[in-house]
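**Student:** Handing you this structure, nothing more for now.
Read the figures in this text as sums done on the coordinates, not as results from a lab. Being a predicted model, the structure only gives us computed values, none of them experimental. All Cβ positions, even for glycine, are placed from backbone atoms using ideal geometry, and neighbour counts span all protein chains on display.
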Amino acid sequence: MEKRSIILFLILATVIVIAASAFGGMVLAHARDSNKPQASEFGPGPRTSANGLYVATLQGAKTLEPRTMYTLKVIVSDAATQPISDASIAIGGGMPEHGHGLPTRPRVTKNLGNGWYAISGLRFNMGGWWELKLAITSPAGTDTVTFNLQV
């Protein structure tokens with residue numbers, strides 16, 4: 001009976017190792033094969049939101065360095081370039097090629113008026129391709145703008 005238990009344990013351990021290796025390979029393949037945007041898609045914008053409701057442009061640091069805390073400004077307008085002064089903005093993002101999010105929780109800290117908002121608490125912990133995603137909500141609706149940034 002003891003020999004049978006050892007054999008079952010070895011078979012189970014082998015299956016777990018094979019499954020973990022296959023899953024890890026899929027994760028790494030996905031990270032390597034991320035659809036990195038063209039160079040023209042990088043930078044502070046202007047960027048049109050996914051459904052065309054908004055246009056947003058970042059303003060702040062000329063270059064972004066790792067391990068530095070940033071406060072940036074963003075101007076948000078509608079598709080007709082009219083400033084959106086009553087928006088709610090949620091911020092997210094991460095490194096698509098590495099599969100992790102932002103190391104901090106940036107947020108809008110001030111509505112500066114006339115479509116301008118201050119985003120504080122933004123930090124990138126390493127160099128590479130980062131996405132900064134703004135989920136913008138106003139009476140016009142909710143839409144997302146993605147900024148591709150090279151740190």
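**Student:** Provide Tyr70, Tyr117 in ascending order of the number of other Cβ atoms located within 10 Å of each residue's Cβ, fewest first.
**Tutor:** By the 10 Å Cβ count, ascending: Tyr70, Tyr117.
**Student:** May I pose another question? Would you tally the net charge around Lys133, using a Cβ to Cβ cut-off of less than 12 Å, leaving Lys133 out, and scoring K and R as +1, D and E as -1?
**Tutor:** Overall, the nearby charge balance is -1.
**Student:** If Lys and Arg each add +1 and Asp and Glu each add -1, what is the summed charge of the other residues whose beta carbon sits under 14 Å from the beta carbon of Leu58?
**Tutor:** Net charge around Leu58: +2.
**Student:** Sticking with this one: How charged is the neighbourhood of Arg47? Take every other residue with its Cβ under 15 Å from the Cβ of Arg47, and add Lys/Arg as +1 and Asp/Glu as -1.
**Tutor:** Local charge sum for Arg47: -2.
**Student:** Next up: What FRET efficiency do you get for Ser88 and Lys133 if R0 is 22 Å and r is their Cβ-Cβ distance, rounded to the nearest 0.05?
**Tutor:** Once the sixth-power term is evaluated, E becomes 0.95.
**Student:** State whether region 42-151 is rounded, prolate or oblate according to the following rule on the C-alpha gyration tensor (a ≥ b ≥ c being the square roots of its eigenvalues): a/c under 1.5 gives rounded; otherwise a/b larger than b/c gives prolate, and the remaining case gives oblate.
**Tutor:** Prolate, because a/c is 1.5 or more and a/b exceeds b/c.
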